[in-house]
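Input: a single structure, listed below in C-alpha cells.
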C-alpha cells in the first residue's frame, strides 16, 4: 500500500515530461514563416477567433485579440502554441487548440540576366543558387563561364557559374526574400571578315586559339587568309596575329582577304 503514493507521483512526473515533449514537438513543427506570408489562424470550436493575417516587413503579424506577435523565422507550430498560451492567459479560451496554416507564400526572388526564363519567382522555401538557375530554365548557352551576382540589400556576393553548378561554390548560400540573382554576360569573342559564320562566340575554355575561333565561325571562306591577313583587336588596338595565338575575352579576330 505504501508504494501507491510513490507510483502515483512517478506517473504524474512521467505525464508532465511526456506532455512537455509533445508540446515542444508541436512548437517545432510546420513551415518556417517569412515576411509577406499570409496565414490563416483557426481556433477549434471558436470561430470568432479565426483570422487571416500577413507577416509584415518587420517580421510581425497582428491579431486583434492577442496583439502583435513575432512571426518571421518561426514555425507555424511555434506561433500556434504562442497564440494558444495567450488566449489562455487572457482568459479568452482555457484550452485552445490553435492551427496556423500558410495561405500564400511571401518568399520571392528574381533571377535575371543570361538565363533562359528570367523573372521573379514565388517560393515556398529558400533555395540554393543552382536551384534558382534551374527555376529560370538554366543558363544561356554562352553563359557557362559567366559570373553570378547576388544582390541582398546593400550586400553583393559573386560566384563562378561553373563552380556553382559543379558544387564547388555557393552550395550553402540560400536565396532569401527579395534577393536578386543576376547572371552576367559570359565571356565572349568576336570573329569577323572572311569566315562562313561571322559573329560572337562563347569563350568557354581557357587557351582557345585563333585557329579554334575561326573554326567556331564555320572556317574560312575561299577568299579568307589564315596567314598575313589575320589581325587581332584587343582593348581597341589592332595588330597582326598568329593563327595559334590564344585569344582573351572581348577580343575580335579579323580575317582579311588573301592576296592570291
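Checking 163, 249 one by one, the residue that is surrounded by fewer than 19 Cβ atoms within 10 Å (Cβ to Cβ), within 38 Å of the chain's Cα centre (by Cα) and either outside the structural domain of residue 153 (by TED's automatic domain parsing) or in a loop (DSSP other than H, G, I, E, B) (or both) is 249 and no other. Scanning segment 221-238 for residues being in a strand (DSSP E or B) and either under 18 Å from residue 203 (Cα atoms) or in contact with a strand residue (DSSP E or B) (Cβ under 6 Å, 6 or more places away or on another chain) (or both) gives a total of 6. Consider residue 85 carefully, then state whether it is in a loop (DSSP other than H, G, I, E, B), out of contact with any strand residue (DSSP E or B) (no Cβ under 8 Å at 6 or more places or on another chain) and at pLDDT 85 or above. Criteria not met by residue 85. Restricting the search to strands (runs of 3 or more DSSP E) fully inside segment 89-160 and requiring at least 3 residues that are touching a residue at least 24 places away in the same chain (Cβ under 8 Å) gives 98-104, 107-113, 147-152. Looking only at residues in segment 177-194 that are part of a strand (DSSP E or B) and closer than 17 Å to residue 247 by Cα, the one that is nearest to the chain's Cα centre (by Cα) is 188. Looking across segment 32-48, the residues that are buried (at least 19 other Cβ atoms within 10 Å of the Cβ) and in a loop (DSSP other than H, G, I, E, B) come down to 33, 34, 35, 37.
Every test in (1) at pLDDT 95 or above; (2) within 16 Å of residue 147 (Cβ to Cβ); (3) in contact with a helix residue (DSSP H, G or I) (Cβ under 9 Å, 6 or more places away or on another chain) is passed by residue 191 save one, and that test is (2). For segment 49-66, taking the residues that are over 13 Å from residue 101 (Cα atoms) and part of a loop (DSSP other than H, G, I, E, B), the one that is modelled with the lowest pLDDT is identified as 57. When residue 243 is tested against the conditions (1) in a loop (DSSP other than H, G, I, E, B); (2) touching a residue at least 24 places away in the same chain (Cβ under 8 Å); (3) within 21 Å of residue 130 (Cα to Cα), the lone failure is (3). Picking from residues in segment 197-212 that are part of a strand (DSSP E or B) and under 16 Å from residue 144 (Cα atoms), the one that is modelled with the lowest pLDDT is 202.
The values are calculated or read from the model by the stated rules, or taken from the named source; none is laboratory data. All figures in this text were calculated on a predicted structure; none of them were measured in a lab. Heads up, the Cβs are rebuilt from the backbone with ideal geometry, glycines too, and the neighbour counts pull from every protein chain shown.
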